[in-house]
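Structure first, commentary second.
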Amino acid sequence: MNYKRNLSEQNQKLLLKVDINVEDREYSVEEIDKNINDIANYIMSKSSKNGDMDKAQLEYAPLINVLQDYFDKKR
């Protein structure tokens, strides 16, 4: 998967918020798996008391689904 070519601009911005570089290259399955974990850790770092964790889960769910689908197909 090439993040620059295969992801929407919105999803690219979400990756950048998690400090994941968005480059015009093919990412390996291992890199994509690591990025999914990085996103999950980012979401879990948010506060559940004020609802930030729930907001982050909703915001990142579509991106995680795209990455997970690609990961599952290539695995």
Exercise. Which whole-number percent is the relative contact order of the chain (Cα, under 8 Å, 6+ apart)?
Worked result: 30 percent
Exercise. Quick one: Debye curve from the C-alpha atoms of the chain, no solvent, what's log10 I(q)/I(0) at q = 0.13, 0.18, 0.24, 0.26 Å⁻¹?
Worked result: -0.36, -0.68, -1.13, -1.29
Problem set entry | Nearest-ten-degree value, helix 29-44 long axis tilted from longest Cα axis of the chain | 10 degrees
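For SER28 and SER8, what is the calculated FRET efficiency with R₀ set at 35 Å and r taken between the beta-carbons, to the nearest 0.05?
0.95
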Exercise. If one takes the longest principal axis of the Cα atoms in the chain, at what angle in degrees, from 0 to 90 and to the nearest 10, does the Cα axis of helix 52-74 lie?
Worked result: 20 degrees
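We did not get these values from a lab; they are worked out from the coordinates using the rules stated. Since this is a predicted model, take the numbers as computed values, not measurements. Because the Cβ atoms are built from the backbone with ideal geometry, glycine has one as well, and the counts that use them run over all protein chains shown.
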